[in-house]
Amino acid sequence: MSNHQHPHHHHTAPLSEIEQRVKQLETLLVDKGLVDPRAMDELVDTYEHRVGPRNGARVVARAWTDPEYKQRLLEDATSAIMEMGYAGRQGEHMQVVENTDKVHNMVVCTLCSCYPWPVLGLPPTWYKASSYRARAVSEPRAVLEEFGVHLDPDVEVRVWDSTSEIRYLVLPRRPDNTEHLNQDQLAELVERDAMIGVALVPAPTEAAA
Amino acid sequence: MSVELLSTQPQEDGEPVFDAPWQARTFAMAVKLYESGLFSWKEWSDRLSENISLFEQRAQVTDSEDYYSLWQQTLEQFIEERLDPQDE
């Protein structure tokens, strides 16, 4: 928090104004007994330090190694994810979409920022930005190229629009030459962007392990 | 390796979850008020979407500050509409 004292000149409202509004509101809510500052600290700590894309990576790695789990995950993602202990806010209605050699899936929330918190944490800034939210729908292939994903022209791209009612997670393709890896090692290969569908899971490098 | 993995759990690319402490506070207030039933999450995202869409008529959401300012605006609207000033 120490490196954010500098003013953000590009923004119309001075930072101090928004800081003041937030502080005022918190004071009001605390005075009315509507929020507990310690519970807020705990919540922030959870999303800053505890919940993130490693959870999703473990789900993916299990689906790659356990066909029955994968079946359950594709049929009822919410329960299959909960089964791994990842439950909670914004994970109530999940759907997992599987990448294959013919279909590549990518996820956006065109209207705001709906995102599966229990498996990915809070969304990165680019996911919430106007340009991604518009262009993921209007020109998904161009967006994928910018993320470094080069697909064969005959691969179909499907774009899924997450909402407050349903949130999507991409099950990426398992890279080749990973038969010798166990679930934990596989999970280490899976990064957040692959589960949003804007990256592929790379084959392990020689140095991995 | 596993220690590094733990410490990088939230955002693997090193991007902070929140850019500034006020963003974390407005985030937490909204989640807590949703949990206490002031609004449903559908109401929340509908209103946030509306505010984002109005904002995008004149600007672009490009960073975390833009985004959480809209979050704060949404929160203020719900408080004004749904919280009785005489309450307690």
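The values are calculated or read from the model by the stated rules, or taken from the named source; none is laboratory data. Owing to the predicted nature of the structure, the values given are computational and were not obtained by experimental measurement. Cβ atoms come from the backbone with ideal geometry, glycine included; neighbour counts cover every protein chain shown.
Just a few scattered comments:
- Within the stretch A:58-76, one or more residues are part of a helix (DSSP H, G or I), within 12 Å of another protein chain (Cβ to nearest Cβ), in contact (Cβ under 8 Å) with a residue 12 or more places away in the chain and surrounded by 13 or more Cβ atoms within 10 Å (Cβ to Cβ).
- Lone unmet requirement of (1) of a type outside the set (Gly, Ala, Ser); (2) modelled with pLDDT of 95 or more; (3) assigned to a loop (DSSP other than H, G, I, E, B) for A:VAL170: (3)
- Restricting the first member to the stretch A:22-47 and to residues that are at positive phi, and the second to residues that are outside any helix (DSSP H, G or I) and modelled with pLDDT under 95, the beta-carbon pairs closer than 9 Å and six or more apart or on different chains are A:GLY33/B:GLU88.
- Matching option when the condition is more than 8 Å from chain A (Cβ to nearest Cβ), surrounded by 13 or more Cβ atoms within 10 Å (Cβ to Cβ) and over 15 Å from B:ILE79 (Cα atoms), among B:GLN23, B:GLN57: B:GLN23
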